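The values are calculated or read from the model by the stated rules, or taken from the named source; none is laboratory data. A quick note: this is a predicted structure, and the numbers were derived from the prediction, not measured. Quick reminder, even Gly has a Cβ in these numbers, built from the backbone with ideal geometry, and neighbours come from all protein chains shown.
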Amino acid sequence: MGFPLLLAIIVTPLVGAVVVALLPAARTEVAKALGYAFTGATAGLCGYLLWHFQTGDRGFQFVYDQPWIPGLGVRFTLGVDGISLFMVVVTGLLFPLGLLASEKYITHRVKAYVAWFLLLETAIMGIFLTLDLIAFFVFWELLLVPMYFLILGWGSARRKYAAMKFFIYTGLGSAFLLASTLVLGFLHQADTGVLTFDFRTLADWNGLTGTAEVLLFVGFMAAFAIKAPLFPFHTWLPDVHTEAPTAGSVVLAGVIIKMGAYGFVRFSFELFPQASVDLAPILLVLAVIGIIYGAVVAAMQTDLKRVIAYSSVAHMGFVILGIFSLTVIGIDGAVFTMVSHPLTTGALFLLVGMIYERLHTREIGEMGGMWNVAPVLTGLFIAAMFAGIGLPGFSGFVGEFLSLAGAFLYERPFAIVAALGVIFAAVYMLWPFKRAFAGRASGSVARMKDLDQREILVVVPLLALSLFLGLYPKPVLDRIEPAADRAVRNFERKTDYRSPEESRDRRDTERRVEREQRRAEAREGEQ
Amino acid sequence: MTLAALEITSSYYLVLAAMVFTIGAVGVLTRRNVLVMFMCVELMLNAVNLSFVAFARALDDVTGQVIVFFVLVVAAAEVAVGLAIIVAIFRRRRHATADDLLALRG
Amino acid sequence: MNASDILDYLGIIPLLPLAGAVILLLAGRRIGEPRAGWLATGMMALAFLGSLVALFALLSLPAEGRLQVNQVFTWLPAGTFSVGMGTQADPLSVTWLLLVTGVGLLIHLYSIGYMHGDPLFSRFFAYLNLFAASMLILVVADNLLMTFLGWEGVGLCSYLLISFWYRRNDAANAGKKAFVTNRVGDVGFLLAMFLIIATYGTLEYTAMAPAAEIISAGTATAIALLLMVGAMGKSAQLPLHLWLTDAMEGPTPVSALIHAATMVTAGVFLMCRAYPFLEVSHDASVVIMWIGAITALLAGTVAIVQPDIKRALAYSTISQLGYMFLAIGVGGYEAAVFMVLCHAFYKGCLFLGAGSVIHGNGDNQDMRIMGRYRKFLPVTAFAMVIAWLAIAGIPPFAGFWAKDEILVEAYAHGDYGVWIVGTAAALLTAVYMTRLIFLTFFGNARFEGADAALAVPVVSGGSDEGDPAVATAHGPHGSDGHDGDEDPFEDHPTVVFGEPPRPGRLHGHRPHESPVLMLVPIVVLAGLSAVGGLLNLPFGKLDFLHQFLEPVFEGAKGVKATTAQKLTAEGLSVLMALIGVSIALLVYRRGLRSPDRDPLVDRLRPVSTLTGSAYYWDAGVTRFVGGPGERGASWLNRVFDARIVDGAVNGTAWLFQRAGRAASRVQDGYVRRYALGILLGTVAVVCFVLLWAGR
């Protein structure tokens, strides 16, 4: 085993967090510099990972495996595949930008902020990289702590409520996750005599009975659906988004809410294939409701940040739709959306944060006419807005299109209803935009300053990346696809599910061609 | 009545221990002065110690005596901490009535 | 380098205006006022040259070999499905290239004059160039998804350009409405693509014809109709037409370029590309044919009573687009393309002329207070008269040939129903265009009276309107100094039906002609409207366009009209045109007796109220969305989300909190009571052990 790259990705921010925590509180500039250094180093490691990732490999790469709690069969296993790769890379990208965006906003207790922020990165990286269920749970819970303190320490007016809601609500889901994990491990032990929580071993084991599988699936689903967030478990998201500091919102929308979807693809699919296939329609219904419902409710918000928060509910609906279409094209699209959504929504949250720093309000009614005084801000907002709407050319469209196409292949009504979300997306973004940016500027808006260099530097990379991936998504899709393909083949191997990509209409078509040919031959024979 | 007739069996010790324990328990429950309550707790502890020793003697098993030593050590530590707390309370409020210490109320 | 090599580089044409747009967006302010316009125009000129090169390269190939597909790179690879970015050079795409770059070039040129003095001058040209780039991508694409990229790109630019004067509430709303309405159509487009993926797995145009052969007729119908839903959005067909009239809030060159000449024809382009499905599916053809015919007729009835010059032209555009879809429905794809070209010429001319009129009379769009403008705007008047004759269908101008070819096709195809509707719409076309021209340029001059009778108190600074050099700084986007003026109509330039005539905005001055830079494109387009028919004369071998396009529509079951059929259909339509012109002349020859008395409107009451309000469809939709729609959404937000969904969450929390409170009463803080509890507990345990467990 060479250099433990994945371990380094997890440990680097952790070391940073400890070092920053030990600093004297007055040395804010040192804390900031160390924050940039450690998030930057992690980003560099992620870049290295991206560069050396083998495209086309269906399995896990850079695997690192150490015993952790031998008595309980818990190991510290890390590995990366096409699904987790980009989540790790996006996390690595978002954290330095998040710190950069916090420059002006975070003025008190900087040291603690940086330390919690670095710990948050460790937790997220751990979640996406571990292949041991217990270690996964540990990181899953570890995430709550820094997030709780970030909201509580640097949030807005109702931060106490939001922090508590986040902690308890997502913690509640975790309880089900832990129970299901333990039951799964012990069932495996009873069957084979080996106590292990290693994901790959459990995925290969095929000894679950139908009822147990469904119950365990539901247990995992409780954690993932709350985190995703799937309708009707979404209400914590707008509250937390509005109260969290900008960087927290960016990370939350960027990667934390992807963890639910990630959990479905990584764990639920492989561990409970039959239950996934059987219960897919339920999740699809929830996803479709989420798409429409999130969009409609987003349109009615008066707080700009809540608009974007609810739009995330709709976007995550598309992700779940793609995932539970159980097709390669749909899963490709869903994972791609998970990569693209942080870029577009991250940019939107950053811009809203910048507006808030200037106007000290997020109420759309108190804005109006910003286009007159801040053309650069408006221009970037327009770009981010249309990227979020899913305009072709931006990355959002690629994911949405593929997810919908996958759902259409799987079961048409879902896709047809979900496609209506495309209309609502335009409504819920353009309406607030009009109220906030068009018209004449007055009051504090008229005295508002446009973006400065630093702020432009924070937002532009995200939008540029979104544009690039919208026009040339191939590098990303090529790396996702083997893993997506593995997931679908896994279904076909373990269950009687057959992917519609290869069947149904195209088979119909082939049959019709054959029939025509036969008829033509028959006619020739008659003559 | 000879001295032999008045043989002291372990039940005597146990009865004594029970009595001391009861005195301690009633003391804890009825007295308000924290210092007195504390002394009553010590009484209860020593009552238990007494019964341990009695059992150790009767059963011819040294374990009971070992446990007594543990209890003594813990009691010593407890005395140190407890007295410190009581002194701290006295410094703050000039008297030490248990019913005034309501910080634990839910 | 031979012709097919050249055609491989077709992709460069959209990149030219795209480069212009990027430069202008990044450095537009530094480039400054006239130069930004010239840069954009130069890019369009280069693109036009490129399109000409493509045309000649294509013509040098044999007719059946005029199809050159070049896959540039793989765009979306996902599983078994994959879409590329590539170009398809064939007569259809090259025709549209020439149309977009040619008309686009003229309108860019015009805009340099029209937008003079606007503080956002360079941004306007950035958007225009971006629009041209998107439209060209739409056209050169070799597959549906790449066309969709351009399709949404033009939607974005349309949004930005309609809302260009974003300080006006109406303009900002109109842009939003256009985008959202188009999105409704886009859902159809998307679903059509999904159905194609599900059925035969590739979105390339070249695969359509072979696929249409093997898929079932039902699937073909579904695909064609779903694509038609997309086309209905972009090309403003019933019932998704309601954004186009509001789109007139944008600067007039935008109305000419996007909402008359190019973008709205994208739907026609799409249906031409999808013709193999139409050939298979008779049902879809019938539906499309009737949508087109009804749109042509109804929009015509709305146009004849509009008081606003731009709105009248907008409804006219909807009506003319209806003709194009009618043509597609009856299988006359070449006729539809011919109509697209001719319509671009004369409607472009009419819109630019209208812009010149609006520009020349103080941003007034109310025709009721115009009149006799030929004295003041002679060149504009001359050009618009030619375009009027063209659109009205008077031979030998372009519109006659185009419209009559469609009607002949419908007649020869045996679809007498749509033929009658189409011919009736031709009558309406002649009426509303004659009315527009005569109200504007002929009859009595009503602007003077309007100014005297209805004028609001004039602020002294208005004298700059007379000076041609300063007068171009006009309208809501003019200098900020105008903000002080209390002009109630400055934010609402559009005159809706039923509104009383507006006070004149000339403030005692005379209407004036526009600068040469604006007149040149108008005159060029007028010339094209006069001679555009030469492209496709229905005599012998003179139908160049038909011959050029024929290989694209290989296998289309076109009907060859007999001479008798031609004479019947054409004769009747010319007759209708003449009757229409005569009716309008009778009514409007002398103009209006008073600006608030429109004889046609008065005489046709109450029908005119119904048609003038566009059959209340727009108002109804607006009322539904703003009323029950918004109330429902608001209910979801305030009640369902906050009380029920989140209420369940908070209710659970509340329940546990209450339970905890209740239980915490036990913890009263009296240490002795805790000790008593411990004691009793111990006694209970001991009793339990002794009495039960011991046994």
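Would the range C:286-304 turn up any residue that is under 22 Å from C:P251 (Cβ atoms), out of contact with any Cys (no Cβ under 6 Å at 6 or more places or on another chain) and not charged (D, E, K, R)?
Yes, the range C:286-304 contains a residue that is under 22 Å from C:P251 (Cβ atoms), out of contact with any Cys (no Cβ under 6 Å at 6 or more places or on another chain) and not charged (D, E, K, R).
Name the pairs whose Cβ atoms lie under 7 Å apart, with the first residue in the range A:429-441 and farther than 8 Å from A:W371 by Cβ, the second among the aromatic types (F, W, Y) and in a helix (DSSP H, G or I), and 6 or more positions between them or separate chains?
Here the result reads A:L430/C:F179, each pair linking the range A:429-441 to a residue that is among the aromatic types (F, W, Y) and in a helix (DSSP H, G or I).
Of everything in the range A:275-289, what is touching a helix residue (DSSP H, G or I) at 6+ places or on another chain (Cβ under 6 Å) and farther than 17 Å from A:G330 by Cα? Give them in sequence order.
A:A275
A:S84 is checked against (1) buried (at least 22 other Cβ atoms within 10 Å of the Cβ); (2) at pLDDT 90 or above; (3) farther than 30 Å from A:R489 by Cα and fails just one. What number does that condition carry?
Failed condition: (3).
Could you list all residues from the range A:150-165 that are aromatic (F, W, Y) and either crowded, with 20+ Cβ neighbours inside 10 Å or touching a Leu at 6+ places or on another chain (Cβ under 7 Å) (or both)?
The one that is aromatic (F, W, Y) and either crowded, with 20+ Cβ neighbours inside 10 Å or touching a Leu at 6+ places or on another chain (Cβ under 7 Å) (or both): A:W154.
Return the residues of the range C:138-174 that are more than 14 Å from the chain's Cα centre (by Cα), aliphatic (A, V, I, L, M) and more than 7 Å from every other protein chain (Cβ to nearest Cβ); say none if nothing qualifies.
C:L138, C:V139, C:V140, C:A141, C:L144, C:L145, C:M146, C:A171
If you take the residues in the range B:3-22 that are among the small types (G, A, S) and part of a helix (DSSP H, G or I), which one is modelled with the lowest pLDDT?
B:S10
Restricting the search to the range A:136-177, which residues are of a type outside the set (F, W, Y), under 19 Å from the mean Cα position of the chain (by Cα) and under 21 Å from C:F656 (Cβ atoms)?
Across the range A:136-177, the qualifying residues are A:E141, A:L144, A:T170, A:G171, A:G173, A:S174, A:L177.
Anything in the range A:209-254 that is more than 12 Å from every other protein chain (Cβ to nearest Cβ) and aromatic (F, W, Y)? List them, or say none.
Residues satisfying the conditions are A:F217, A:F220, A:F224.
Suppose the filter is under 16 Å from A:V352 (Cβ atoms) and within 19 Å of the chain's Cα centre (by Cα); does A:L463 pass it?
It is true that A:L463 is under 16 Å from A:V352 (Cβ atoms) and within 19 Å of the chain's Cα centre (by Cα).
If you scan the range A:324-338, which residues turn out to be under 17 Å from A:L391 (Cβ atoms) and under 12 Å from the mean Cα position of the chain (by Cα)?
A:F336, A:T337
Hey, could you check the range A:191-221 for residues that are β-branched (V, I, T) and at pLDDT 85 or above and say which is surrounded by the fewest Cβ atoms within 10 Å (Cβ to Cβ)?
Looking at the filtered set, the residue picked out is A:T211.
Tell me which of these C:L203 doesn't satisfy, since it passes every other one: (1) buried (at least 24 other Cβ atoms within 10 Å of the Cβ); (2) at pLDDT below 90; (3) facing chain A (nearest Cβ under 9 Å).
The single condition C:L203 does not satisfy is (3).
Checking C:P511 against (1) farther than 30 Å from C:R597 by Cα; (2) over 26 Å from the mean Cα position of the chain (by Cα); (3) modelled with pLDDT of 80 or more, only one condition comes out false. Which one?
(1)
State all residues of the range C:175-200 that are within 7 Å of chain A (Cβ to nearest Cβ) and farther than 14 Å from C:T147 by Cβ; if no residue qualifies, say none.
C:K176, C:F179, C:V180, C:R183, C:V184, C:V187, C:L191, C:F194, C:I197, C:A198, C:T199, C:Y200 - these are the residues of the range C:175-200 that are within 7 Å of chain A (Cβ to nearest Cβ) and farther than 14 Å from C:T147 by Cβ.
Given the criteria under 50 Å from the mean Cα position of the chain (by Cα), among the polar types (S, T, N, Q) and more than 14 Å from chain B (Cβ to nearest Cβ), does C:T652 qualify?
Judged against the criteria, C:T652 is not a match.
Residue check, A:S325 against (1) touching a residue at least 24 places away in the same chain (Cβ under 8 Å); (2) assigned to a helix (DSSP H, G or I); (3) within 12 Å of chain C (Cβ to nearest Cβ), all met but one. Which one?
The single condition A:S325 does not satisfy is (2).
For the structure I just gave you, tell me whether A:E141 is of a type in the set (D, E, K, R), over 16 Å from A:V255 (Cβ atoms), at pLDDT 90 or above and assigned to a helix (DSSP H, G or I).
yes
Could you list, ordered by first residue, the pairs with Cβ atoms under 6 Å in which the first is in the range C:77-88 and more than 7 Å from every other protein chain (Cβ to nearest Cβ) and touching a residue at least 24 places away in the same chain (Cβ under 8 Å) and the second is part of a strand (DSSP E or B) and buried (at least 21 other Cβ atoms within 10 Å of the Cβ), at least 6 apart or interchain?
Hits for this filter: C:V83/C:W75; C:V83/C:L76; C:V83/C:N143; C:G84/C:W75; C:M85/C:W75.
Taking the condition aliphatic (A, V, I, L, M) and surrounded by 12 or more Cβ atoms within 10 Å (Cβ to Cβ), does C:V683 pass?
no
Suppose we filter the range C:659-695 for residues that are under 23 Å from B:F38 (Cα atoms) and either assigned to a helix (DSSP H, G or I) or more than 8 Å from chain B (Cβ to nearest Cβ) (or both); how many remain?
13
I'd like the full set of residues that are within 10 Å of chain C (Cβ to nearest Cβ), aliphatic (A, V, I, L, M) and part of a helix (DSSP H, G or I), limited to the range A:384-401.
Once the filter is applied, which keeps residues that are within 10 Å of chain C (Cβ to nearest Cβ), aliphatic (A, V, I, L, M) and part of a helix (DSSP H, G or I), the range A:384-401 yields A:I389, A:V398.
Among (1) assigned to a helix (DSSP H, G or I); (2) away from chain C (no Cβ under 14 Å); (3) surrounded by fewer than 21 Cβ atoms within 10 Å (Cβ to Cβ), which single condition is A:G171 missing?
(2)
Consider A:P342 carefully, then state whether it is in contact (Cβ under 8 Å) with a residue 40 or more places away in the chain and within 28 Å of A:A212 (Cα to Cα).
no
Go through (1) surrounded by 14 or more Cβ atoms within 10 Å (Cβ to Cβ); (2) farther than 20 Å from B:A18 by Cβ for B:E42 and report which single condition fails.
Here B:E42 meets the rest and fails (2).
Given (1) in contact with a helix residue (DSSP H, G or I) (Cβ under 7 Å, 6 or more places away or on another chain); (2) modelled with pLDDT of 90 or more; (3) of a type outside the set (A, V, I, L, M), where does A:S444 come up short, assuming only one miss?
That leaves (2) as the condition not met.
Here are some conditions: (1) away from chain C (no Cβ under 14 Å); (2) in contact (Cβ under 8 Å) with a residue 40 or more places away in the chain. B:Y12 meets all but one. Which one does it not meet?
Failing condition for B:Y12: (2).
Before we move on, is A:F437 crowded, with 22+ Cβ neighbours inside 10 Å, modelled with pLDDT under 90 and within 9 Å of chain C (Cβ to nearest Cβ)?
yes
Taking helices (runs of 4 or more DSSP H) that fall entirely within the range A:203-312, which contain at least 2 residues that are free of Cβ contacts under 8 Å to residues at least 40 places away in the same chain?
A:210-227, A:273-299
Quick check on the range A:357-372: of everything there that is in a helix (DSSP H, G or I), within 14 Å of another protein chain (Cβ to nearest Cβ) and over 14 Å from A:Q301 (Cα atoms), which residue is modelled with the lowest pLDDT?
A:N372
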